[in-house]
Amino acid sequence: MMRLTSKSVALIPIIATVATVVIGATLIAPPAANAATTLGAAAQQSGRYFGTAVAAGRLGDSTYTGILNREFDMVTAENEMKMDATEPNQNQFSYGNADRIVNLARNQGKRIRGHALAWHSQQPRWMENMSGTALRNAMLNHVTQVATYYRGKIYAWDVVNEAFADGSGGGRRDSNLQRTGNDWIEAAFRAARAADPGAKLCYNDYNTDDWSHAKTQGVYRMVQDFKSRGVPIDCVGLQSHFNSQSPVPSNYQTTLQNFANLGVDVQITELDIEGSGSSQASNYDRVTRACLAVTRCTGITVWGIRDTDSWRASGTPLLFDGNGNKKAAYNSVLDALNAGGPGPTSTTTTTTTTTTSNDPGTGGCTAAVSLNQWNGGFVATIKVTAGSSALRGWRVTTTLSNGTVTSSWSANGSGTSGTVNWSNVDYNANVPAGQSTEFGFQGNGSGAGLNPSCTAS
Ligand code: XIL
């Protein structure tokens with residue numbers, strides 16, 4: 001049920017206070033007044049993220065981490081959260097390398113896509129040789145253990161990766177997991193939801209970019225079926241590895257839109273496009289614009305930072321060259337993101353906006369909460385919007401009367417319950433006039449009555 005309240009709080013009485021009410025979560029961002037200069041900041045202008053795959057083994061390389069820290073606001077572990085990495089021996093879990101990536105991301109206010117809980121590939125040796133009920137139970141135990149360990153820290157999990165076959169049939173890929181029964185995918189999604197109810201749960205695959213391909217249709221029918229039967233699925237990831245044999249299809253935006261129309265978010269999860277120069281740049285431009293044109297396309301992740309970091313390094317498929325310099329493809333993505341698009345919708349149940357201005361020299365700011373509440377927990381996403389002048393920093397005060405914060409992203413919080421003050425992190429301090437940035441937190445209990453108020457600082 002949509003419930004709507006509004007409340008105004010004047011922190012300093014002499015200043016006018018304006019209350020505005022926002023219905024739903026679709027806000028049309030005006031064109032950027034000042035173009036953002038990093039991918040993450042540019043994507044945030046329309047409420048989206050821009051991420052990259054990260055390899056723990058490269059975190060000692062300062063050129064690599066410099067670009068990572070500066071440009072990206074979402075992170076995927078390239079290999080470190082896969083089944084072979086996290087459960088090398090049955091029931092012995094190993095999170096060291098994954099945690100290095102998770103900790104870096106969280107310290108920097110970046111969010112994390114979890115990749116991947118169940119997959120036919122990169123299984124530990126002990127699992128490759130299993131079958132039947134023993135394998136089904138081992139898979140479900142893995143999903144439960146890993147999703148529980150990272151509960152509250154993951155924005156979206158690729159719960160199942162690459163379960164459909166290539167070719168003309170549109171059916172499932174044969175694998176040891178598939179041979180445990182066709183319901184293995186929905187069983188994995190249910191286990192993931194129970195373990196981490198705050199994470200978005202995604203199905204992720206490749207060669208699902210062309211709407212006319214049988215594989216795309218097969219995945220579409222599965223998602224449609226899951227939605228109709230109440231199997232918990234929130235998003236579809238399109239890996240989008242492109243090269244001359246597998247180019248960006250002309251109907252790519254149609255594919256994104258058709259999945260979104262099923263009532264799921266769509267994310268581009270592993271983007272790389274082989275090539276160079278202006279042709280590569282124009283392909284990146286097309287992909288970025290396709291996402292921006294689809295309201296529920298919530299973000300883009302590229303599969304690595306520099307060309308030399310890529311799993312397909314010889315195809316020079318990324319946005320930075322081997323020396324860490326920005327390529328033409330980088331500029332085309334940044335320009336496209338700055339051109340903006342309608343913001344993504346979310347599962348808003350309550351929206352409250354409170355506007356406060358505390359400084360006659362600024363246009364103040366507003367804070368609107370989008371609350372996803374379930375029995376026992378919640379995720380609150382707070383949109384901070386600059387008023388008539390740019391923000392150089394901001395603070396948001398929230399009230400948690402019956403809930404406790406367990407994790408947060410893109411802001412620093414002063415505590416976990418009662419009055420909690422949130423302040424910007426480095427990369428989202430500057431918000432152009434009329435533009436927005438988002439932060440969020442997850443908690444136990446109730447997120448009702450947060451009544452956020454924003455102060456320019
Ligand atoms: C790749 C990694 O980039 C490589 O380092 C690794 O050797 C193999 O896996 N689809 C996926 C990703 O979902 O996990 C894969 O990542 C690329 C294809």
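Quick note: the coordinates plus some simple rules give every number you see, no bench work behind them. Just so it is clear, the structure is predicted and the values come from calculations on it, not from any experiment. Because the Cβ atoms are built from the backbone with ideal geometry, glycine has one as well, and the counts that use them run over all protein chains shown.
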Beyond 28 Å between alpha-carbons counts as too far, so tell me which of K215/K326; K110/K227; K153/K227 fall in that bin.
K215/K326; K110/K227
Leaving out same-chain residues fewer than 8 places away, which aspartates and glutamates sit with a Cα under 16 Å from that of K383?
D73, E438
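Expected output is a single nm value to one decimal: the length gained when fully extending between T416 and S131, i.e. 0.36 nm times separation in residues minus the C-alpha distance. What is it?
Fully extending the segment from T416 to S131 adds 98.2 nm.
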Linear extension gain, N182 paired with T406, 0.36 nm per residue minus alpha-carbon span
77.1 nm
Can you give the calculated 222 nm mean residue ellipticity of the chain, where each DSSP H run of n ≥ 4 adds -39,500 (n - 2.57) and the sum is split over every residue, rounded to the nearest 500 deg cm²/dmol?
-8000 deg cm²/dmol
Relative contact order [Cα under 8 Å, 6+ residues apart], the chain, whole percent
18 percent
What angle do you read, to the nearest 10 degrees and between 0 and 90, between the alpha-carbon axis of helix 62-71 and the longest principal axis of the chain?
60 degrees
Residue-span extension gain [N331 to S212] - 0.36 nm each, minus C-alpha spacing:
39.8 nm
Dipole check, the chain, charges on Cβ (K,R +1; D,E -1), about Cα centroid: among T385, N261, Y64 the Cα furthest to the positive pole belongs to T385
The simple spin-label model distance between Y95 and W311, using points 7 Å out along Cα→Cβ, in nm, is 2.4 nm
So what's the angle, to the nearest 10 degrees on a 0 to 90 scale, between helix 328-339 and the longest Cα principal axis of the chain?
50 degrees
I'd like the FRET efficiency for T399 and L59, computed as 1/(1 + (r/R0)^6) with the beta carbon distance as r and R0 of 35 Å, rounded to 0.05.
0.40
Could you list R392, R111, R125 so that the one with the fewest beta carbons within 10 Å of its beta carbon is first and the one with the most is last?
R125, R392, R111
Return one number: the angle in degrees, 0 to 90 and rounded to the nearest 10, between the long axis of the Cα atoms of helix 214-229 and the longest principal axis of the Cα atoms of the chain.
60 degrees
Put a dot 7 Å past each Cα toward the Cβ at S250 and S228; how far apart are the dots in nm?
3.1 nm
Dipole magnitude of the chain about its Cα centre, charges +1 at Lys/Arg Cβ and -1 at Asp/Glu Cβ only, in debye to the nearest 20?
940 debye
Antiparallel bridges, percent of DSSP beta bridges restricted to the chain (to nearest 5):
55 percent
On a C-alpha basis, how far is the centre of the range 93-129 from the centre of the range 371-438 in Å? Whole number, if you could?
27 Å
Ranked W422, W119, W311, criterion: other C-beta atoms within 10 Å, fewest first
W311, W119, W422
